[in-house]
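What follows draws every value from the coordinates through simple rules; no lab data is involved. Owing to the predicted nature of the structure, the values given are computational and were not obtained by experimental measurement. Here the Cβ is made from the backbone with ideal geometry for all residues, glycine too, and neighbour counts use every protein chain on show.
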């Protein structure tokens, strides 16, 4: 039996699975502990159910996910609108070092993925999908770039990216705490609880969401989406270099954000932008995960696990022997290594969960709580996106 879902029914199913995922994450300890995203939980449950139905030959689903790209485009645009370079000044030298380290990590993760792919005699772009795309990029980038890579003729790229992102997310939650415990014990690190962190403050947006402000944000978002996709198409036609529309929209949004900041800093209302971003990300991920074909990944399970294991090993060694020293070899540096491990293998919430667990046990770190969210939430993409796009064009 084949069940065909139209555009509207598919969106309903995606939202229903997202709500189910949120309920399960709140109530199932292991999901909450490792900060597994709600759309990943709900979407994968449906994907597993659909795979069982297809494997047993009694049920097949046909989904209309044509609106998925719209939600994806909107989300990446909101990321760009959050990238105010004023925040870089607040973080100072440590933020720049941390940011550059994230750029190096993206480069290294792609190099590892592509190199390991050659060892297993699989396409380099399959290896890349287990590199910066799914590790540092997480489920959002894995879903977005997975579709782009599949459009280039690489089957199963989306499914492999999602699987790698899930493995990385769990690994990022598992290794962050032990790494910091090792650093704290070895160097006898103590938090400076009374320390005044000069210049480290982020102005809070206290304005409530209201209709006129909300529509202004929608105007800015759609402007960036329209201009970004148009310029992206022109760029691709002129150079032959693949530039997905959502990447163009995100970078136009970064430019728009920083231009607007110079004339009217309060025009960008981050509560509204954040709400739109959260909603569109949730629906886009839910639609993507519920439609992946898990049976296509089975043959690549061993290479995928090996690549992810090497990625985890690399980030642990880099964090301990390089980043910790670059950030000053103190307690704040150790906590930032926990955050780096979290979003370097998974997502910013993973990083925050790692740091929360560490600071609850060993003491506070205000520097880490400023720098890690700023870089992990949006500045990281300024380096990661060009590196990923260049890799795709090198090996397409």
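What Kirkwood hydrodynamic radius do you get for the chain when you take the inverse of the mean 1/r over all pairs of distinct Cα atoms, in Å?
21.5 Å
From the Cα gyration tensor of region 324-371, with a ≥ b ≥ c the square roots of its eigenvalues, which class applies: rounded if a/c is under 1.5, or else prolate if a/b is larger than b/c, or else oblate?
oblate
Going by a ≥ b ≥ c, the root eigenvalues of the Cα gyration tensor, does region 38-154 fall in the rounded group (a/c under 1.5), the prolate group (a/b larger than b/c) or the oblate group?
Oblate, because a/c is 1.5 or more while a/b does not exceed b/c.
How high is the relative contact order of region 1-109, in percent, counting Cα pairs under 8 Å that sit 6 or more residues apart?
Once normalised by length, the contact order is 30 percent.
Please arrange 262, 367 by how many other C-beta atoms lie within 10 Å of their C-beta, fewest to most.
Going from sparsest to densest Cβ surroundings: 262, 367.
Taking the Cα centroid of region 101-172 and of region 6-20, what is the distance between the two, rounded to the nearest whole Å?
After rounding, the separation between the Cα centres reads 27 Å.
Which of rounded, prolate or oblate describes region 236-368 when judged by the alpha-carbon gyration tensor and an a/c cut-off of 1.5?
Taking the square roots of the gyration eigenvalues as a ≥ b ≥ c, region 236-368 is oblate.
What residue among 172, 153, 131 has the largest mean-square fluctuation in a Gaussian network model of the chain, using Cα springs under 10 Å?
Result for the chain, Cα springs under 10 Å: 153 fluctuates most.
Among 102, 224, what is the fewest-to-most ranking by other Cβ atoms within 10 Å?
102, 224
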